[in-house]
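This report concerns only the one structure given below.
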Amino acid sequence: MNRAELERLQAFVDALPVPVPWSLSTFVAALSAQRGRPIQLHPLEGPTTADTPTGLWVPSREADYIFYETATSLPHQEHIVCHELGHMVLRHQPDPERPGRYLHSRLFQQVAPELVEIARARTSYRDAKEQEAETFATLILRGATSRVRTGTAPPSPAALQWSSVLGFDS
């Protein structure tokens, strides 16, 4: 990713209601309000494999649904959700051929199939849109932890955990 692309992504992040102190639920609620459209988070129970996504964004007529792996650390779960939010905020158009491979019956226990229009699932980062969403998530979470490091925000437990994961703890 070149500097201009990184600056463009940072501009998207800067325009978002990132809460201080960091809280994923507060961020999702504020982003939902800003967009005027519900965003619902749903945990994916059970382990994933190399062929299944750790996260999935499913836009429907009524709401955006984000599914995320729970068999991982809290910082990784937050990163997965932010990655999927990146696809949504950056207006990535999902590949209409992909949903059938990933929309397992366990998803439709929570979302009726007729509501689903398109979905975006990631299993690799070769695609430019996947790299963009990954960078978006990193910028959101790096911003949350940098405010903790510089003392401009009181540390939340999740932000402290992210600071530690990213090697910023002293």
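Bear in mind that the values in this text are calculations on the coordinates, not laboratory data. Keep in mind the model is a prediction, meaning the values are calculated, not measured. Every residue, glycine among them, receives a Cβ derived from its backbone with ideal geometry; neighbour counts consider all protein chains shown.
If the chain linking residue 90 and residue 131 were pulled fully straight, counting 0.36 nm for each residue of separation and taking away their Cα-Cα distance, it would gain 13.6 nm. Among 64, 127, the order by Cβ neighbours within 10 angstrom, fewest to most, reads 127, 64.
FRET efficiency for residue 7 and residue 71, Cβ-Cβ distance as r, R0 = 30 Å, nearest 0.05?
Efficiency, rounded to the nearest 0.05: 0.25.
The H on the amide N of residue 39, modeled in the peptide plane, is under 5 Å from the matching H of 64, each at least 5 residues off or on a different chain.
Distances between placed amide hydrogens fall under 5 Å for residue 44 paired with 68, 69, 70, all partners being 5 or more residues away or on another chain.
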